[in-house]
Amino acid sequence: TEVSVAGTEYYVYDMSLAQEGWDDLWLRGTVSKDQGRSQISYIARLSFALAPAVIILAAVGGYLLAGRFLRPIKKITQTAHDIRTSRDLARRISIGKGSDELHALADEFDMMFDRLQEDFEAERQLTSDISHELRTPLSVIHAQCELSLETEQSKEEYEDAIQTIYRQSKRMSNIVNDMLSATRLERNLSQTQMTELNMSELTQSLCRDLAALKQNGIEMQYHIQPGIQVQGNAELLSRLMSNLIMNAYKYGRQNGHIQVQLISEGNTAELSVSDDGVGISSDDMDKIWRRFYRADKSRTTESTGLGLFIVKKIAEVHRGTLEVRSQPGQGSTFIFKIPK
Ligand code: ADP
């Protein structure tokens, strides 16, 4: 209420304290109208004075916040631009740690660049490997032809030259064939048809055929636990096993032995192929899986260095593992483990 006392007007406010437990008690607030007005105008003035500061603060805050959000986008754009103009796939956005969507986007882009760089690098390496591999036989053929054409030679010498050319051209065709089949295999690995198959039967029939070879007088024995079932592709698994067994023949000792074993170990099927041949030095142990890698470069015609590379790819697609144990001069054992 408003009351007027001796020409001065007051605002009066009464409040009962019954709710607080003081039944008969009241609280009265009184303020003169002038005083009230001056307080309100003080608040209004203060608001006016503070308004620009508040606006500036909001603008600066907004700008900083927007900058924080825009910075990753700018970096993404800049990196994409840099990669396009410099063709340097090694560049990355790298905006550091963060858990928001923009960080996730930048990380995803970086991972995509990693993948692209790997694929391009593999492609470049493949071209360089193939030309390197073909260069040697090609230059031998070239030199033999030049020599035979330039100077008169005896019949034996011509025959010799033609033999060399034949051997080297065969080697080139081996390389090209193996390379084609390795590339085809790599390309189709992702859509490989997997079925439930009896690995024991597959190994048994392959061993029966390959034991008959008796290459270099080598005796092949096999022990196969029956009834081992795996998820896999029969054609690829046969290829893996025959590559390992053919290597055991190739790097085996004259009149030596090959042992093939397939057993079930817990949740895995374990295939091992052992020979008592040349063995592998510890230096070569990690390298033999590489494309075109040959430990003994003197065995030129037959080997292309692609057999184990293919074995590794097939093992990967079956989520299997490979292991090799070897003593130079004593022999080697290759072990392939595949989930049952
Ligand atoms: P390739 O046999 O055509 O050379 P691989 O990829 O099958 O190619 O093998 C790569 C290299 O690994 C071979 O050149 C050889 O030096 C070595 N290697 C493979 N298997 C054996 C083995 N059973 N014993 C000794 N060395 C082996």
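The values are calculated or read from the model by the stated rules, or taken from the named source; none is laboratory data. This is a predicted model, so every value here is computed, not measured. Note that we place each Cβ from the backbone using ideal geometry, even for glycine, and neighbour counts take in every protein chain shown.
Yes/no per residue for (1) basic (Lys, Arg); (2) in contact with a helix residue (DSSP H, G or I) (Cβ under 8 Å, 6 or more places away or on another chain); (3) exposed (fewer than 12 other Cβ atoms within 10 Å of the Cβ):
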| residue | (1), (2), (3) |
| --- | --- |
| LEU116 | no, no, no |
| ILE130 | no, yes, no |
| LEU134 | no, yes, no |
| LEU138 | no, yes, no |
| HIS142 | no, no, no |
| SER148 | no, yes, no |
| GLU156 | no, no, yes |
| ALA161 | no, yes, no |
| ILE165 | no, yes, no |
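Could you check, for the stretch 293-308, whether at least one of its residues is in contact with a strand residue (DSSP E or B) (Cβ under 9 Å, 6 or more places away or on another chain) and hydrophobic (A, V, I, L, M, F, W, C)? Yes, some residue in the stretch 293-308 is in contact with a strand residue (DSSP E or B) (Cβ under 9 Å, 6 or more places away or on another chain) and hydrophobic (A, V, I, L, M, F, W, C). Considering the stretch 131-175, and only residues there that are at pLDDT 90 or above and of a type in the set (Gly, Ala, Ser), the residue that is farthest from GLY305 (Cα to Cα) turns out to be SER154.
If the condition is being more than 8 Å from the ligand (Cβ to nearest atom), hydroxyl-bearing (Ser, Thr, Tyr) and surrounded by 14 or more Cβ atoms within 10 Å (Cβ to Cβ), then the stretch 282-297 contributes no residue at all. Among residues of the stretch 279-304 that are at positive phi, those with a Cβ under 8 angstrom from a residue that is more than 6 Å from the ligand (Cβ to nearest atom) and modelled with pLDDT of 90 or more, sequence gap 6+ or separate chain, pair up as GLY279/SER326; GLY279/GLN327; GLY279/PRO328; GLY279/GLY329; GLY279/GLN330; GLY279/GLY331.
Checking each residue in the stretch 93-136 for being under 30 Å from ASN174 (Cα atoms) and acidic (Asp, Glu) picks out GLU118, ASP119, GLU121, GLU123, ASP129, GLU133.
When LEU271, LEU236 are checked against the criterion of being at pLDDT below 95 and either in contact with a strand residue (DSSP E or B) (Cβ under 9 Å, 6 or more places away or on another chain) or more than 13 Å from the ligand (Cβ to nearest atom) (or both), LEU236 stands alone in meeting it. Of note, THR164 satisfies the criterion of being over 18 Å from PRO226 (Cα atoms) and assigned to a helix (DSSP H, G or I).
Assessment of the stretch 69-80 against the conditions (surrounded by 10 or more Cβ atoms within 10 Å (Cβ to Cβ), polar (S, T, N, Q) and more than 30 Å from LEU116 (Cα to Cα)) yields no matching residue. Which ones in the stretch 253-262 are crowded, with 17+ Cβ neighbours inside 10 Å, modelled with pLDDT of 95 or more and not hydrophobic (A, V, I, L, M, F, W, C)? Once the filter is applied, which keeps residues that are crowded, with 17+ Cβ neighbours inside 10 Å, modelled with pLDDT of 95 or more and not hydrophobic (A, V, I, L, M, F, W, C), the stretch 253-262 yields GLY256, GLN259, GLN261. Tally time: how many residues in the stretch 318-336 are buried (at least 20 other Cβ atoms within 10 Å of the Cβ) and either among the charged types (D, E, K, R) or more than 8 Å from the ligand (Cβ to nearest atom) (or both)? Total meeting the criteria: 3.
Considering only residues that are among the aliphatic types (A, V, I, L, M) and under 30 Å from the mean Cα position of the chain (by Cα), look in the stretch 263-281 and name the one that is surrounded by the most Cβ atoms within 10 Å (Cβ to Cβ). My answer is VAL273. Restricting the stretch 298-317 to residues that are among the charged types (D, E, K, R) and either within 10 Å of the ligand (Cβ to nearest atom) or touching a Cys at 6+ places or on another chain (Cβ under 8 Å) (or both), the residue that is farthest from SER264 (Cα to Cα) is ARG299. Checked across the stretch 217-237, the condition of being touching a residue at least 12 places away in the same chain (Cβ under 8 Å), polar (S, T, N, Q) and assigned to a helix (DSSP H, G or I) holds for no residue. Exactly one residue among ILE228, ILE218 is of a type in the set (A, V, I, L, M) and either away from the ligand (no atom under 16 Å from the Cβ) or surrounded by fewer than 16 Cβ atoms within 10 Å (Cβ to Cβ) (or both), and that residue is ILE228. The residues on offer are ARG294, ARG319, ARG325, ARG290, and the sole one that is more than 27 Å from GLY232 (Cα to Cα) and basic (Lys, Arg) is ARG294.
Checking VAL54, VAL12, VAL5, VAL60 one by one, the residue that is in contact with a strand residue (DSSP E or B) (Cβ under 7 Å, 6 or more places away or on another chain) and not basic (Lys, Arg) is VAL12 and no other.
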